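Quick notes on the structure that follows.
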Amino acid sequence: MQKYTVVSMGEPAGNSPEMIIRAVRNLADDPSVWLIVTGDEGVFRKAAADFSLPLPFTYYADDEESLGEAEAGGESLIFYSTSSIDMDSFSFGQVSAETGRASYESLRKAVEIIQNGYAHSLVTTAVSEEALKSAGYSQSSVYELLGVFASSARLMDMIKAGPLNIFGISHRRSIRSALEMVKRENIISALVEIDSIMASSYFDRSKPIAVAALNPRRSDGTWSGPEEDDAIIPAVEVVRKLGINAVGPLPAEDIFADGVDGEYSSILVMTAGTGLAAAAAASPKKASIITWGLPFMHVEPLIDAGIRKAEKGGAPTERLEAAIALALVFRSASLMA
């Protein structure tokens, strides 16, 4: 399998250009790291100048012919230019239709590079919903854009935080709308999907899928809300009859502590916020999101676009470096579900 990982620029007016430069510089001496960064060259040169960061790239490409030549020549840190922002009007911290188009094109080209066989996995940084909207796109997130670019309708995100593999029955919804998703059929569907994802050798199938409760447990062992009795318990019973090794519902105060100890292959939570909170506690600087259901592996660090911090410099790189390291794990085809 191809050894390169593609890193897309994300929102150029945010702190991702600086973050990517710092992360690539930190990883440059690792012989296992082979990267293609897609983005606007002018923006990266400005970030390098503004924050006194020598650019780490060993080759610059602007088409797939030159990319192929770079890979054949053994270049390990390649920059692929995907747009040309007017640098006279550009400034960090100011999103626009132009920056929205640039982040869109960076991600589109990153996917195309993988689809054409030049790389094996994708790491993304955050895009700006405001910039994408200003540019006229209906998609507002990396998740939605990937579904379009890769023609994948069934995607499922998993939060990776140390030994925890956390799935949710809904994706990036408000608490109110997420609670409306806590239904028997949705939980069954999520558990069936997780079980199919666990065909990947990345998971230990000898351990069960743990299903988190939504409500606290009373002192007499009953639940303080109806969702457990009406939806979660019946769903677990159904999937167990289908041969899926699921257990629960389990209270939050137990499930994540036991998960950190390695008792579960994965955990299904009822709201994304629950999983994010657990991830922040279990792995505050290295938590990432893996997207399953694509024809390649996608990893995204748990970071925002960093618009307000973009002009200050000193962007932290730990989560991006952890995401790149995680993407490298998926060089083996057997790891893909």
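Values in this text are rule-based calculations from the coordinates and carry no lab data. What you see is a predicted model, and the numbers here were worked out from it, not measured in a lab. Backbone-built Cβ (ideal geometry, glycine too); neighbour counts: all protein chains shown.
Modelled label-to-label distance, Asp63 and Ser134, 7 Å Cα→beta-carbon offset: nm?
3.2 nm
Where the centre of each part is set by its Cα atoms, how far does segment 162-202 sit from segment 224-283, in angstrom?
If we compute the Cα centre of each part, the gap is 10 Å.
Modelled label-to-label distance, Asp204 and Asn186, 7 Å Cα→beta-carbon offset: nm?
The answer from the label model is 3.1 nm.
Which of the residue pairs Lys109/Lys160; Lys183/Lys207; Lys3/Lys241; Lys183/Lys309 have a Cα-Cα distance greater than 30 Å in the structure shown?
Lys3/Lys241; Lys183/Lys309
At what distance in angstrom do the alpha carbon centres of segment 57-106 and segment 314-328 lie from each other?
Comparing the Cα centres of segment 57-106 and segment 314-328, I get a distance of 19 Å.
Considering only Ile289, Ser151, Pro17, whose Cα is most displaced toward the positive end of the charge dipole of the chain, charges sitting on Cβ of Lys, Arg (+1) and Asp, Glu (-1)?
So the residue we want is Ile289.
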